[in-house]
Amino acid sequence: MKKSILAGTALAATAALLTGCGSGISNDGAASGGSGNESFVNIVKLTGGDWFNRMEVGNQEWAKANGAKVTQTAGDDSSAEKQIAVISDVIPQQPAAITVVPNAPESIEAVLKRAQDAGIVVITHEAAGIKNTDADIEAFNDLDYGAHQMDLLADCMGGSGTYAHFVGGLTVTSHNNWVKGAAEQAAAEYPDITSIGDPISSDESADTAYQRTKELLATYPDLKGILGSASTDVVGAGKAVAEAGRSDDVCVIGTSLPSYAGSALEAGDIDVITFWDPSLAGQAMLTAAQTIIDGGEIAEGTDLGVSGYESLVQSEESPSTFYGTAWVDVTAENAADYPF
């Protein structure tokens, strides 16, 4: 029987996440400081949607705490062309900074350079390695995130057994990095946990993950764990595990959102989901921008005063890229704290 995840630990972690820690956090959890009165524009991938609506919540908490104005905007589709047009329209407005979540980082290098040449501070997110930015703030290093997911799986599996790892696609770089991080952590820390073999593609489909999990359970009757990378992987896997009557002895853990996985978390068919909170990512970007506006710098060890971004790690490959440790662990007990 799989080991249960301690609810108290998850709740404590959530409380710390939502209230923030370290200096520079106001009582409402938004990073405080800076000279105030500046105008910021957050340019995201697409208008609407739970993810970027959640980021806007963080933007406005930060704006209130800092006496600044923050506007969020995007194109009406996720094309690089629309995002380039939006940034081009924002540049003449001369905000103090733009924070950008690119659809295709390489495609917006030129327009970001134009913004910098116009004296606008540029901060990016989900764009590790991008060149024309004052700082790229990432929620985490992919290998560290994969290792963390393995820690969760090992705890649930009781430290032994076989597991399968789903990816949204065999060429998705981040997903395959998570697989690598998990495998390396298992080899280093959990010698009694082994993978069944290469990662399995779900094609970003819950139905495909469901069908392939059914096949896995038939082929590997002693399977004890499933890790998912695409947000729908654990949804399909959890359904198959439940139908097989295996929810009590197969651990299902992976990247997803409460809006996708909430009911299966509640039923116990999915054990833990992980992700990063876009409201905190938005605040981290804005704080980085304010730091630079005020004459500071973003460097190794910088504390942005936002939970998960208290001690940034500078990329060895790209000096302008910085990693936090901002993953969030969600179980049935704290899923309601993340309404997206």
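Where residues in the stretch 260-275 are surrounded by fewer than 24 Cβ atoms within 10 Å (Cβ to Cβ) and outside any helix (DSSP H, G or I), which of them is nearest to the chain's Cα centre (by Cα)?
Ranking the candidates gives F275 first.
Does the stretch 263-276 include one or more residues that are assigned by TED's automatic domain parsing to the domain that holds D50, acidic (D, E) and either at pLDDT below 95 or at negative phi (or both)?
no
Okay, residues lined up against (1) within 15 Å of I123 (Cβ to Cβ); (2) in contact with a strand residue (DSSP E or B) (Cβ under 8 Å, 6 or more places away or on another chain); (3) without any contact (Cβ under 8 Å) to a residue 12 or more places away in the chain:
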{"residue": "A289", "(1), (2), (3)": "yes, yes, no"}
{"residue": "I292", "(1), (2), (3)": "yes, yes, no"}
{"residue": "E297", "(1), (2), (3)": "yes, no, yes"}
{"residue": "D303", "(1), (2), (3)": "no, no, no"}
{"residue": "T321", "(1), (2), (3)": "yes, yes, no"}
{"residue": "V330", "(1), (2), (3)": "no, yes, no"}
{"residue": "N334", "(1), (2), (3)": "no, no, no"}
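Being buried (at least 20 other Cβ atoms within 10 Å of the Cβ), of a type in the set (D, E) and part of a helix (DSSP H, G or I) narrows it down to one residue among D155, D151; which is it?
Unique residue meeting the criteria: D155.
Look at V111 and say whether it is assigned by TED's automatic domain parsing to the domain that holds L304, in contact (Cβ under 8 Å) with a residue 24 or more places away in the chain, surrounded by fewer than 24 Cβ atoms within 10 Å (Cβ to Cβ) and farther than 25 Å from D303 by Cβ.
Details: assigned by TED's automatic domain parsing to the domain that holds L304: yes; in contact (Cβ under 8 Å) with a residue 24 or more places away in the chain: yes; surrounded by fewer than 24 Cβ atoms within 10 Å (Cβ to Cβ): yes; farther than 25 Å from D303 by Cβ: yes.
It is true that V111 is assigned by TED's automatic domain parsing to the domain that holds L304, in contact (Cβ under 8 Å) with a residue 24 or more places away in the chain, surrounded by fewer than 24 Cβ atoms within 10 Å (Cβ to Cβ) and farther than 25 Å from D303 by Cβ.
State whether one or more residues within the stretch 92-102 are modelled with pLDDT of 95 or more and small (G, A, S).
yes
Looking only at the stretch 237-256, how many residues end up being outside any helix (DSSP H, G or I) and either modelled with pLDDT under 95 or out of contact with any strand residue (DSSP E or B) (no Cβ under 7 Å at 6 or more places or on another chain) (or both)?
Count: 6.
Return the residue satisfying two criteria in turn: it lies in the stretch 129-148 and is in a loop (DSSP other than H, G, I, E, B) and under 13 Å from the mean Cα position of the chain (by Cα), and of such residues it is nearest to N103 (Cα to Cα).
A139
I'd like to verify a number: residues in the stretch 37-63 that are part of a strand (DSSP E or B) and either surrounded by fewer than 17 Cβ atoms within 10 Å (Cβ to Cβ) or free of Cβ contacts under 8 Å to residues at least 40 places away in the same chain (or both), how many?
Residues in the stretch 37-63 being part of a strand (DSSP E or B) and either surrounded by fewer than 17 Cβ atoms within 10 Å (Cβ to Cβ) or free of Cβ contacts under 8 Å to residues at least 40 places away in the same chain (or both): 1 in total.
Across the stretch 108-126, what is the number of residues that are among the basic types (K, R) and within 24 Å of A139 (Cα to Cα)?
Total meeting the criteria: 1.
Residue by residue through the stretch 234-259, note down the ones that are surrounded by fewer than 22 Cβ atoms within 10 Å (Cβ to Cβ) and under 22 Å from A218 (Cβ atoms).
Residues satisfying the conditions are K239, A242, E243, A244, G245, R246, S247, D248, D249.
Among the residues in the stretch 165-176, are any within 26 Å of A128 (Cβ to Cβ), touching a strand residue (DSSP E or B) at 6+ places or on another chain (Cβ under 8 Å), surrounded by fewer than 16 Cβ atoms within 10 Å (Cβ to Cβ) and not polar (S, T, N, Q)? Lay out the reasoning, then the answer.
From the stretch 165-176, those within 26 Å of A128 (Cβ to Cβ) are 165-176; that's our starting set.
From what's left, touching a strand residue (DSSP E or B) at 6+ places or on another chain (Cβ under 8 Å): 165-170, 175-176.
Checking which are surrounded by fewer than 16 Cβ atoms within 10 Å (Cβ to Cβ) leaves us with 169-170.
Subset that is not polar (S, T, N, Q): 169-170.
Checked against the condition, which is being within 26 Å of A128 (Cβ to Cβ), touching a strand residue (DSSP E or B) at 6+ places or on another chain (Cβ under 8 Å), surrounded by fewer than 16 Cβ atoms within 10 Å (Cβ to Cβ) and not polar (S, T, N, Q), the stretch 165-176 yields at least one hit.
The values are calculated or read from the model by the stated rules, or taken from the named source; none is laboratory data. Everything quoted here is computed from the prediction, not taken from an experiment. Don't worry about glycine lacking a Cβ; one is built from the backbone with ideal geometry, like all the others, and counts go over all protein chains shown.
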